[in-house]
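Have a look at the structure below before the remarks.
The values are calculated or read from the model by the stated rules, or taken from the named source; none is laboratory data. Treat the numbers as computed from the prediction; the structure is a model and nothing was measured. Cβ placement follows ideal geometry from the backbone for every residue including glycine, while neighbour counts extend to all protein chains displayed. We work out accessible area using only protein heavy atoms, side chains counted, and drop any ligands, DNA or RNA first. Shrake-Rupley method; radii C 1.70, N 1.55, O 1.52, S 1.80 Å.
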Amino acid sequence: EIYQEMMRNDPVFRMKQEQSKNQRSSRSTVQGTITIPVVFHVLYNIEEENISDEQLYSQLDVLNEDFQLLNTNIDTFWSDVIGNPDMEFCLATRDPYGNSTCGITRTYTDSTVFRIQTSPKRDYTGGKQNWDATKYMNVWICDIANVRGYATFPDALDAVDGIVIDYLNVGRGPQ
């Protein structure tokens, strides 16, 4: 609904969507598996929100199973249009400065819930600044109000590009 509203009412957004669509159709084919480094930014106010590494690994497993058609709960409604894009997701092994990392950041915050879409993505609002969106897939895990998660639209500004998931909806649940 938000996408449709933005397409109707925001000419700049509509233009970017059309440009992106045209660029995708003119790109050359990439050979081999594309590996996307992921960084999980865990934001917590109470210990329950500081979910375990195992739960984050579970989320990564679910993501890979979904994109590689290895999951067992494929919705038959989509069966005629799904395919394996030959992508895999892995935890980042280097941070933006070239240092070794486990691909997980943990940040204590005074914020008890994040209600504004970009607030988890900013240090000054109690969140965590993203890593370069052209090199990492940023995923923020935190307490968000009345929604399981959301993601930016294609062609979002790099400073806010990424996915936000409520800590109660990560992976297969508590391990």
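Here are the numbers for this structure:
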read-out	value
Residues of the stretch 40-63 that turn out to be crowded, with 18+ Cβ neighbours inside 10 Å and assigned to a helix (DSSP H, G or I), as a count	7
Total residues in the stretch 97-149, condition open to solvent by less than 20 Å² (accessible area, probe 1.4 Å), assigned to a loop (DSSP other than H, G, I, E, B) and of a type in the set (D, E, K, R)	0
Matching residues, the stretch 150-175, being of a type outside the set (Val, Ile, Thr), outside any loop (DSSP other than H, G, I, E, B) and open to solvent by less than 30 Å² (accessible area, probe 1.4 Å)	Asp166, Tyr167
Condition check for Ser79: modelled with pLDDT of 95 or more and open to solvent by 60 Å² or more (accessible area, probe 1.4 Å)	no
Residues within the stretch 117-151 that are under 18 Å from Leu168 (Cα atoms), over 13 Å from the mean Cα position of the chain (by Cα) and without any contact (Cβ under 8 Å) to a residue 40 or more places away in the chain, tallied	4
